[in-house]
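What follows is a set of notes on a single structure, which appears directly below.
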Amino acid sequence: MSKAAASDQYQVIWLIRRLFRALSQKSSENLEGLGISVAERAVMEFLYPEKMLSVPEIAEQYNVSRQHIQVTVNSLLESRLAVTKENPRHKRSPLIMLNAEGRELFSTVLKKDEEAVFLLFSHISQNKVEITRQTLQSLLNELT
């Protein structure tokens with residue numbers, strides 16, 4: 001591999017890192033006034049609209065520690081945005097689901113997200129979006 005190719009590839013990774021941080025910041029800004037954190041939003045997305053998952057299942061899908069998800073789920077439960085249900089497969093690991101208030105709040109979050117995404121992509125052709133999606137999926141497949 002040439003130095004130029006390696007440099008271009010490194011620049012792609014560098015741009016992805018910067019994009020991730022910028023998207024995280026924008027997500028945080030979009031959540032202002034809604035009373036939830038970026039982490040809570042992420043967990044709510046796994047449960048929306050009416051999925052029931054255990055903490056270990058959410059952690060596996062999100063590719064983070066069970067402890068991190070447990071803290072976030074506890075916060076959602078304390079905020080009365082989620083509830084627990086008995087898990088027939090595992091007595092000590094209840095299923096978590098959004099309640100009506102949690103679903104309504106996340107519906108608002110999704111509407112704000114859709115507006116932000118539309119604005120972000122409004123000047124990029126669908127062809128470029130598809131190429132980018134395929135490229136990012138290929139990179140993710142390599143890593144997982």
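The values are calculated or read from the model by the stated rules, or taken from the named source; none is laboratory data. On a predicted model such as this, the values are computed, not experimentally measured, just so you know. Here the Cβ positions follow ideal geometry from the backbone for every residue, glycine too, while neighbour counts run over all protein chains shown. Quick note on the areas: whole protein, heavy atoms, side chains included, nothing else; ligands and nucleic acids left out. Shrake-Rupley method; radii C 1.70, N 1.55, O 1.52, S 1.80 Å.
Applying 1/(1 + (r/R0)^6) with R0 = 41 Å to the Cβ-Cβ distance of Tyr10 and Gln70 gives a FRET efficiency near 0.70. Going by the alpha-carbon gyration tensor, a ≥ b ≥ c the square roots of its eigenvalues, is the range 91-144 rounded (a/c under 1.5) or, if a/c is not under 1.5, prolate (a/b greater than b/c) versus oblate? Note, shape of the range 91-144 comes out oblate.
The relative contact order of the chain, computed from alpha carbon pairs under 8 Å that lie at least 6 residues apart in sequence, is 20 percent.
Expressed as a whole percent, the accessible surface of the chain that belongs to carbon and sulfur atoms is 56, based on a 1.4 Å probe. Each peptide in 37-43, 125-131, 48-54 receives the mean, over its residues, of other Cβ atoms within 10 Å, and ordering these scores from highest gives 37-43, 48-54, 125-131. Can you classify the chain as rounded, prolate or oblate using the Cα gyration tensor, where a ≥ b ≥ c are the square roots of its eigenvalues, rounded means a/c under 1.5, and otherwise it's prolate if a/b beats b/c and oblate if not? It is prolate, given that a/c is not under 1.5 and a/b is the larger ratio. Taking the range 21-144 as the region of interest, the number of lysine pairs whose Cα atoms are within less than 23 Å, with members eight or more places apart or on different chains, is 7. Between Thr84, Thr108, Thr132, the residue with the greatest mean-square fluctuation in the GNM of the chain (Cα pairs under 10 Å linked by springs) is Thr132. Helix 38-47 versus the longest principal axis of the chain: what angle, 0 to 90°, nearest 10, using Cα atoms? The angle comes out near 70 degrees. The length gained by stretching the chain between Phe121 and Ser93 to full extension, at 0.36 nm per residue less their Cα-Cα distance, is 6.1 nm.
What FRET efficiency would be calculated for the residue pair Glu114, Lys51, taking the C-beta separation as r and a Förster radius of 25 Å, to the nearest 0.05? Show your work: numbers first, answer last.
Values: r = 20 Å, r/R0 = 0.79.
With R0 = 25 Å, the Cβ-Cβ based efficiency is 0.80.
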